[in-house]
Amino acid sequence: MIKKIAALSCVLLLTCSLSAFAHGEITQSTPAADSNVLSAPKEVSIEFDGKLQTIGNAVVNLITVTDNQGQVISSPTSVVEGNKISTKLQLTDITGLVSVHYRIVSEDGHPVEGDYSFTVGQTPVATSANGEEAAEAEAGISEESGSNLLVNGVGLLILIGIVFVIVRRIKK
C-alpha cells in the first residue's frame with residue numbers, strides 16, 4: 001500500500017507543473033530578444049507574466065539600454081503599466097548590438113534581474129515561431145531556470161515526506 005501511494009505521489013508531482021513558484025518571467029519584449037531590426041526603436045518595452053509592483057515613488061523597476069560600446073542610450077526613468085515596463089531611447093542613430101538590462105519586482109514580491117540583446121542595422125530575417133521553438137528544442141534550451149528546478153526539487157522532497165508520514169500514521 002505504501003509503495004502504491006508513494007508511486008502515485010511521484011507520478012502526480014512529475015506530471016503537474018509547479019510554476020506557482022516561478023518569479024516574473026518575460027512574456028514579450030519589443031524589440032524581441034536576439035532580433036535584428038533595421039533602425040533603432042524609439043522605445044524598448046518588456047511584458048511579464050504578472051503585474052509589476054510599485055512602491056510609491058521608489059525606483060524598484062528599471063530598464064537600462066546600452067549600445068555596443070556600453071554607453072547608456074535610454075532614459076533614466078522607466079514607465080510601469082500593469083505587467084509592462086518601458087523606457088524611451090534618447091539616442092536612436094545607432095547600429096550594432098544593443099543590450100537591455102532590466103530589474104523588476106514581480107507581484108510575488110521578489111526582485112528579478114536579467115539581460116537580453118538585439119541588433120540594429122542588419123536586415124531582419126523572417127522566422128516562424130514554430131521554427132524558433134524547434135531550434136530551441138534541438139539545442140536543448142529550456143525556459144525552466146536552475147533556481148526554479150531547485151525549488152521544484154525541494155517541493156517534491158517535502159511532498160514525498162508528507163505522504164510518507166501520513167502513510168506511516170495510517171498504518172499504525
Quiz prompt | Pair list, Cβ < 6 Å and 6+ apart or interchain, from the stretch 153-172 residues that are of a type in the set (Gly, Ala, Ser) to residues that are surrounded by 11 or more Cβ atoms within 10 Å (Cβ to Cβ) | solution = GLY155/LEU18
Quiz item: Within the stretch 84-92, is there a residue that is among the small types (Gly, Ala, Ser), part of a loop (DSSP other than H, G, I, E, B) and either surrounded by 13 or more Cβ atoms within 10 Å (Cβ to Cβ) or at pLDDT 95 or above (or both)?
Solution: no
Quiz prompt | Enumeration of residues in the stretch 55-69 that are surrounded by fewer than 14 Cβ atoms within 10 Å (Cβ to Cβ) and farther than 15 Å from TYR102 by Cβ | solution = ILE55, GLY56, ASN57, ALA58, GLN69
Quiz prompt | Residues located in the stretch 95-111, provided they are surrounded by fewer than 18 Cβ atoms within 10 Å (Cβ to Cβ) and of a type in the set (A, V, I, L, M) | solution = LEU97
Quiz item: Taking into account only those residues within the stretch 94-125 that are within 14 Å of ASP34 (Cβ to Cβ) and assigned to a loop (DSSP other than H, G, I, E, B), which is modelled with the lowest pLDDT?
Solution: PRO124
Quiz item: Tell me, which residue of the stretch 26-66 that is within 16 Å of ASP93 (Cα to Cα) and small (Gly, Ala, Ser) is nearest to the chain's Cα centre (by Cα)?
Solution: ALA40
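The values are calculated or read from the model by the stated rules, or taken from the named source; none is laboratory data. The model shown is predicted, which means the values in this text are computed figures rather than measured ones. Don't worry about glycine lacking a Cβ; one is built from the backbone with ideal geometry, like all the others, and counts go over all protein chains shown.
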